[in-house]
Amino acid sequence: MKEELKEGISNYLKRFNKYSKEEYIDLEYKRVNKDKSKNAELFKKKLAEQKLCCYFCNTDIRDIQSLIKNNLIYPRKRGKYGYSGMHFEIEHLNADKTNNAESNIVLACYYCNNDKSNTIEPEIFKKFFGKQKSISFKDLIEEKNIKSEVLYWHYL
């Protein structure tokens, strides 16, 4: 990875602080609510329903954040200042992005959402690819002896 990209990621990650589960959920609500076109209430509800785990790989967001913070996986540069990876993304189960019915919305980690795209049916991705991604994340955490986080990282 290019040094300038590593430096940008490092600077971005320095902005994050640790929060309790309740604080994290409130901050996520505020983050999503910045974009009034997204349903922040539904996002908050899905966080609780999914127990702060990705719909596809069932990985806890704290584990994904730990992998990023330990430079084992990298966030993706978005725009001038942002990165994807430290937060869940809203995923429409069917490709119709205008269908915001609760039954069509799930929360996915960036890595599953990016890999799935619209090329694989959601349940096939979850059953086969998500399952393998979960195993890979867990194996990486174990191999690198990364301790499970109690708190959540967030930057608003």
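Can you find a residue in the stretch 80-99 that is part of a loop (DSSP other than H, G, I, E, B), polar (S, T, N, Q) and under 11 Å from the mean Cα position of the chain (by Cα)? Can you show your working first?
Step one: filter the stretch 80-99 for residues part of a loop (DSSP other than H, G, I, E, B), giving 80-81, 85-88, 93-99.
Checking the rest, the ones that are also polar (S, T, N, Q) come to 94, 98-99.
After this cut, where a residue has to be under 11 Å from the mean Cα position of the chain (by Cα) as well, the list is none.
No, the stretch 80-99 has no match at all.
Tell me the residue from ASN11, ASN70, ASN58 that is polar (S, T, N, Q) and surrounded by 16 or more Cβ atoms within 10 Å (Cβ to Cβ), please.
Details: ASN11 fails: surrounded by 16 or more Cβ atoms within 10 Å (Cβ to Cβ); ASN70 fails: surrounded by 16 or more Cβ atoms within 10 Å (Cβ to Cβ).
The unique qualifying residue is ASN58.
State whether one or more residues within the stretch 53-73 are under 16 Å from LEU156 (Cβ atoms), at pLDDT 95 or above and assigned to a loop (DSSP other than H, G, I, E, B).
Taking every residue of the stretch 53-73 in turn, none turns out to be under 16 Å from LEU156 (Cβ atoms), at pLDDT 95 or above and assigned to a loop (DSSP other than H, G, I, E, B).
Give me the pairs, please: first residue somewhere in the stretch 1-14 and closer than 19 Å to ARG62 by Cα, second residue anywhere and at pLDDT 90 or above and among the charged types (D, E, K, R), beta-carbon distance under 9 Å, and either six or more positions apart or on two chains.
Going by the 9 Å Cβ cut-off, the qualifying pairs are LEU13/LYS69.
Restricting attention to the stretch 17-38, which residues are in a loop (DSSP other than H, G, I, E, B) and either modelled with pLDDT of 95 or more or touching an Asp or Glu at 6+ places or on another chain (Cβ under 9 Å) (or both)?
To start, the set of residues in the stretch 17-38 that are in a loop (DSSP other than H, G, I, E, B) comprises 20, 34-38.
Selection gives SER20 alone.
The values are calculated or read from the model by the stated rules, or taken from the named source; none is laboratory data. All values derive from a computational prediction rather than experimental measurement. Every residue, glycine as well, gets a Cβ built from its backbone with ideal geometry; the counts of neighbours run over all protein chains shown.
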